[in-house]
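S.K.: The structure is given below, and queries will be raised subsequently.
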Amino acid sequence: MEGFFQRQILDDLILSKITLLRANAADRAQAFIQAKEAYTELRNQHFSDTAFDLRVQAMGMTTNAYRLRLQEDALTQEVLKRELKAQTMVKQLEVQEFFNENLELWKTPEYADVEHIVLSKVDLATGRRLNPDERANKQATAAKVLAKARAGVDFAQLAKEFSEDLISKNNGGKFRMYRSTADPVMAEKVFSLRINLPEMVESELGYHILRVMKKVPPGAKKLGEVQKEIREHLYLKSYTEKLPNYVKLLKEQARVKTFLD
């Protein structure tokens, strides 16, 4: 693979030099911004400046050299995007056609935003199924929690104190239930509840104190909500298709010759 990587590196260097000569002030200004954002984002992914510096050193560069590399790469992209702009411009008609041809993509599922407190029918430490007396005690506790919730006691505090759902208890018991992916029996019960009225629902897993905060019926996004996303998709598709031939043309115009085997 050594020859392949040599050609790839050489092609990148050639393209970088060609685009550097074709860059204007606006390209340089935008490339500086893009490179700065990329540098900051990568640095923020590391726990410390030292960890980031070691990562860059492992690539055989200093942090200053890495900044310059990012800026060179960003400048190449800015020049190519500007020079291909006329060929890759997306018309509103194309956006509309893509929207109409992909209506399934814009459908939104039915969901409910719920707060819940769970008292399990299983011993969470051992996985043992509780006996009838233990389940009765859990049900009695659930009834008391329900009464407190209906009396106006803070639901988030009740969840933190009583809920045995380790995933949601510390965020107030909040979760979003999508009807299409939830257990059908539980979904039927949840979506039949009235808004903001705490209720207790029993399942095979345990006793659930539920408060439905919001229900959203199934629907579909409108063109105005997704046209930016569609435009970006169509632009990237066009840009990716046209880029190789344009880069080839630039090299021909620059009369570039390479002598790698």
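S.K.: Report yes if Leu70 is among the aliphatic types (A, V, I, L, M), part of a helix (DSSP H, G or I) and touching a helix residue (DSSP H, G or I) at 6+ places or on another chain (Cβ under 7 Å), otherwise no.
M.R.: Here the answer is yes, as Leu70 does meet what is asked.
S.K.: Can you tell me which condition Ser163 does not meet? The list is (1) over 22 Å from Lys138 (Cα atoms); (2) surrounded by 17 or more Cβ atoms within 10 Å (Cβ to Cβ), and all the others hold.
M.R.: Just one mismatch for Ser163, condition (1).
S.K.: (1) surrounded by 14 or more Cβ atoms within 10 Å (Cβ to Cβ); (2) within 30 Å of Lys138 (Cβ to Cβ): which one isn't true of Glu83, the others all being true?
M.R.: (2)
S.K.: Checking the condition in a helix (DSSP H, G or I), touching a helix residue (DSSP H, G or I) at 6+ places or on another chain (Cβ under 7 Å) and polar (S, T, N, Q), which residue from Asn137, Asn100, Asn170 passes?
M.R.: Numbers: Asn137 fails: touching a helix residue (DSSP H, G or I) at 6+ places or on another chain (Cβ under 7 Å); Asn100 fails: touching a helix residue (DSSP H, G or I) at 6+ places or on another chain (Cβ under 7 Å).
Being in a helix (DSSP H, G or I), touching a helix residue (DSSP H, G or I) at 6+ places or on another chain (Cβ under 7 Å) and polar (S, T, N, Q) holds for just one of Asn137, Asn100, Asn170, which is Asn170.
S.K.: To continue, here is another question. Kindly indicate whether any position in segment 17-30 is surrounded by 18 or more Cβ atoms within 10 Å (Cβ to Cβ), touching a residue at least 12 places away in the same chain (Cβ under 8 Å), touching a His at 6+ places or on another chain (Cβ under 8 Å) and not polar (S, T, N, Q).
M.R.: No, segment 17-30 has no match at all.
S.K.: If you don't mind, there's one more thing I want to ask. Of all residues in segment 177-233, which are assigned to a strand (DSSP E or B), within 16 Å of Val114 (Cα to Cα) and not aliphatic (A, V, I, L, M)?
M.R.: First, pick out the residues of segment 177-233 that are assigned to a strand (DSSP E or B): 177-178, 195, 199-202, 206-216, 219-220.
Filter again for within 16 Å of Val114 (Cα to Cα), leaving 177-178, 195, 199-202, 207-216.
Those that are assigned to a strand (DSSP E or B), within 16 Å of Val114 (Cα to Cα) and not aliphatic (A, V, I, L, M): Tyr178, Glu199, Glu202, Tyr207, His208, Arg211, Lys214, Lys215.
S.K.: Any residue that is among the acidic types (Asp, Glu), under 24 Å from Lys17 (Cβ atoms) and not in a loop (DSSP other than H, G, I, E, B) - is there at least one of those in segment 74-92?
M.R.: Checking segment 74-92: at least one residue is among the acidic types (Asp, Glu), under 24 Å from Lys17 (Cβ atoms) and not in a loop (DSSP other than H, G, I, E, B).
S.K.: Among the residues of segment 206-261, write down those that are among the aliphatic types (A, V, I, L, M) and surrounded by fewer than 11 Cβ atoms within 10 Å (Cβ to Cβ).
M.R.: In the first step, residues of segment 206-261 are kept if they are among the aliphatic types (A, V, I, L, M); the result is 209-210, 212-213, 216, 220, 223, 226, 230, 234, 236, 243, 247, 249-250, 254, 256, 260.
Leu249, Leu260 - these are the residues of segment 206-261 that are among the aliphatic types (A, V, I, L, M) and surrounded by fewer than 11 Cβ atoms within 10 Å (Cβ to Cβ).
Every number in this text was worked out from the coordinates using simple rules, so none of it is lab data. Everything quoted here is computed from the prediction, not taken from an experiment. Every residue, glycine among them, receives a Cβ derived from its backbone with ideal geometry; neighbour counts consider all protein chains shown.
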